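Student: I'd like to ask some things about the structure below.
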Amino acid sequence: MQINKEILQDLNNDLLPAHERRFNYLAGEIDNAEAIILKLIAFNIAIPSWALGTGGTRFGRFSGGGEPRSLEEKIEDVGLIHALNRSSNSISLHIPWDIPDNAPSIKAFASQLGLHFDAVNSNTFQDQPHQALSYKYGSLHHVDKAVRQQAVEHNIEVIKYGVELGSKALSVWLADGSNFPGQLNFRNAFQNTFESLQQVYAALPDDWKIWIEYKPYEPNFYSTTIGDWGQSYLLANKLGQRASTLVDLGHHLPNTNIEQIVSLLLMEGKLAGFHFNDSKYGDDDLTVGSINPYQLFLIFNELVEGLDARGLNHATGIGWMIDASHNIKDPVEDLLQSVEAIKIAYAQALLIDQEKLKQAQQNNDVAHAQNILQQAYRTDVRPLLAEARLQAGGALDPVGSFRALKVRENLIQERGLKTVTTGL
Ligand code: PSV
Ligand code: MN
Ligand code: MN
């Protein structure tokens, strides 16, 4: 299904008077409304192909119905999200969950919906049906060179698919680790990983990047070979300029100061980008901003200070992507909420008076520094986001419009109630 633009406009018209009241008030309170709106319009966040179906845990999965049954239908869903929020113009594929066998037609279909392909993700954390060797004891770090080679070749194959689709980055997350002390020699595992990644790096086209994700635990519970940003950064540094560290917000031990990690990676030119989500306990993959929106804001403060405030283009050069999973919500509604939360944090960070903050820091005026941050954080910037969506041709209220247009009901009619999507 596609969203009918006229009907969307009718829905917007009903909401317009209230929106204008709120927007005019806010625009009068701040002095950079127009500049923020332009930045918000330019800022897009990629949707992962694996997040369009209902997720699950090892205890069960409760499908909501009408979920995409093929790559084309996943692209169609991202098209729906983008039509509503005008902020999700790309999709990130996970291979082999999604195999773009006919890449030119997949690419053409996506571009009809205004979409392109973000980073491609490899998968050496599961065995696939016709695979010769098992990843039970890891992939790029494996003690057996033949397994490492198989994993290297898979990554190279993923790059080839990505090239056909117009992607520009390979995103690698390894489950490699150990479950019990003594199982693994840490240095050998790390060295094997490095050598395997060197082969993958050598296969990257000149205009490509490799993003290395880290995660402290799960599925392994004693050690993970790329367990934290230090290990990822070490590998990225050794590999070369086109390798950098990807920050998945859920991949930290509780209370880690993620914004500080972001600030230093950015300073070193090694911040690949983000997998946005939120968490209370571990890699919960909850809706962005649903648990700790202040942390998200503080991350965006670092990004704005490190990029926007230095005249760099915030919207390009860094990977902005959601990596969430929805066990009980409609995936499309959840993704709309996540994108909104990311852009709220960005808009709030753009309100920070960076000059005053620097002065306060220089004078060790701690209370004033905190006030400057919180003044921005406590501003309700939602009218700015709504205005940006309106100017870009989207919905004033994306989730409300999704419901009013009965999108899910239509998808269930088209695809059926019992649908299964590939992914976790
Ligand atoms: C691992 O937990 C991870 O965050 C990686 O990014 C994977 O590619 C993704 O989840 C798959 O769901
Ligand atoms: Mn991730
Ligand atoms: Mn994860």
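Student: Restricted to region 151-203, and to residues that are of a type in the set (F, W, Y) and away from ligand 1 (no atom under 16 Å from the Cβ), which residue is surrounded by the fewest Cβ atoms within 10 Å (Cβ to Cβ)?
Tutor: Residue satisfying both the conditions and the ranking: F180.
Student: Please work out which residue is nearest to ligand 2 (Cβ to nearest atom), limiting yourself to region 270-281 and to residues that are in contact with a Gly (Cβ under 9 Å, 6 or more places away or on another chain) and part of a loop (DSSP other than H, G, I, E, B).
Tutor: Residue satisfying both the conditions and the ranking: N277.
Student: Continuing with this model, one more query. Looking at region 23-71, which of the residues that are of a type in the set (D, E) and in a helix (DSSP H, G or I) is farthest from G311 (Cα to Cα)?
Tutor: Ranking the qualifying residues of region 23-71, first place goes to E29.
Student: Could you grab me the full set of residues in region 252-269 that are assigned to a loop (DSSP other than H, G, I, E, B) and within 17 Å of the chain's Cα centre (by Cα)?
Tutor: Matches in region 252-269: H252 only.
Student: For region 344-364, what are the residues that are among the polar types (S, T, N, Q) and within 15 Å of V381 (Cα to Cα)?
Tutor: Passing the criteria: only Q348.
Student: Tell me whether region 386-403 contains one or more residues that are of a type in the set (A, V, I, L, M, F, W, C), part of a loop (DSSP other than H, G, I, E, B), within 21 Å of P68 (Cα to Cα) and touching a residue at least 60 places away in the same chain (Cβ under 8 Å).
Tutor: No: zero hits.
Student: Within region 353-365, is there a residue that is in contact with a Phe, Trp or Tyr (Cβ under 9 Å, 6 or more places away or on another chain), at pLDDT 95 or above and surrounded by 14 or more Cβ atoms within 10 Å (Cβ to Cβ)?
Tutor: Checked region 353-365: no residue is in contact with a Phe, Trp or Tyr (Cβ under 9 Å, 6 or more places away or on another chain), at pLDDT 95 or above and surrounded by 14 or more Cβ atoms within 10 Å (Cβ to Cβ).
Student: What are the pairs with Cβ atoms under 8 angstrom where one residue, in region 332-343, is surrounded by 24 or more Cβ atoms within 10 Å (Cβ to Cβ) and the other, located anywhere, is of a type in the set (D, E, K, R)? Sequence gap at least six, or different chains.
Tutor: Here the result reads V332/D77; V332/R408, each pair linking region 332-343 to a residue that is of a type in the set (D, E, K, R).
Student: I'd like the full set of residues that are part of a helix (DSSP H, G or I) and either within 17 Å of N220 (Cβ to Cβ) or among the β-branched types (V, I, T) (or both), limited to region 149-183.
Tutor: Result: A151, V152, I156, V158, I159, V163.
Student: Determine if region 282-301 includes at least one residue that is within 16 Å of ligand 3 (Cβ to nearest atom), outside any helix (DSSP H, G or I), touching a helix residue (DSSP H, G or I) at 6+ places or on another chain (Cβ under 9 Å) and of a type in the set (V, I, T).
Tutor: Checking region 282-301: at least one residue is within 16 Å of ligand 3 (Cβ to nearest atom), outside any helix (DSSP H, G or I), touching a helix residue (DSSP H, G or I) at 6+ places or on another chain (Cβ under 9 Å) and of a type in the set (V, I, T).
Student: Also, I was wondering about something else. Does region 198-218 hold any residues that are touching a Gly at 6+ places or on another chain (Cβ under 8 Å) and within 16 Å of ligand 3 (Cβ to nearest atom), and which are they?
Tutor: Residues satisfying the conditions are W211, Y214, K215, P216, Y217, E218.
Student: Identify the residue in region 222-251 that is touching a helix residue (DSSP H, G or I) at 6+ places or on another chain (Cβ under 6 Å) and in a loop (DSSP other than H, G, I, E, B) and, among all such residues, is surrounded by the most Cβ atoms within 10 Å (Cβ to Cβ).
Tutor: Among residues in region 222-251 that are touching a helix residue (DSSP H, G or I) at 6+ places or on another chain (Cβ under 6 Å) and in a loop (DSSP other than H, G, I, E, B), the one surrounded by the most Cβ atoms within 10 Å (Cβ to Cβ) is I226.
Matching residues to (1) within 29 Å of Q337 (Cα to Cα); (2) touching a residue at least 12 places away in the same chain (Cβ under 8 Å); (3) in a strand (DSSP E or B):
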site	(1), (2), (3)
E73	yes, yes, no
I81	yes, yes, no
I91	yes, yes, yes
I99	yes, yes, no
K107	yes, yes, no
N121	yes, yes, yes
H142	no, yes, no
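Student: Which residue, of N364, N371, is at positive phi, over 18 Å from the mean Cα position of the chain (by Cα) and not charged (D, E, K, R)?
Tutor: N364
Student: Also, quick follow-up: Taking Y294 as meeting all but one of (1) without any contact (Cβ under 8 Å) to a residue 60 or more places away in the chain; (2) more than 15 Å from ligand 1 (Cβ to nearest atom), write down the number of the exception.
Tutor: (1)
Student: Criterion first (acidic (D, E), in contact with a helix residue (DSSP H, G or I) (Cβ under 8 Å, 6 or more places away or on another chain), touching a residue at least 60 places away in the same chain (Cβ under 8 Å) and at negative phi) does D353 satisfy it?
Tutor: When the stated conditions are applied, D353 does not pass them.
Student: Find the residue count for region 75-99, including only residues that are in contact with a Lys or Arg (Cβ under 8 Å, 6 or more places away or on another chain) and more than 17 Å from F402 (Cα to Cα).
Tutor: Within region 75-99, residues that are in contact with a Lys or Arg (Cβ under 8 Å, 6 or more places away or on another chain) and more than 17 Å from F402 (Cα to Cα) number 2.
The values are calculated or read from the model by the stated rules, or taken from the named source; none is laboratory data. None of these values were measured; they are calculated from a predicted model. Don't worry about glycine lacking a Cβ; one is built from the backbone with ideal geometry, like all the others, and counts go over all protein chains shown.
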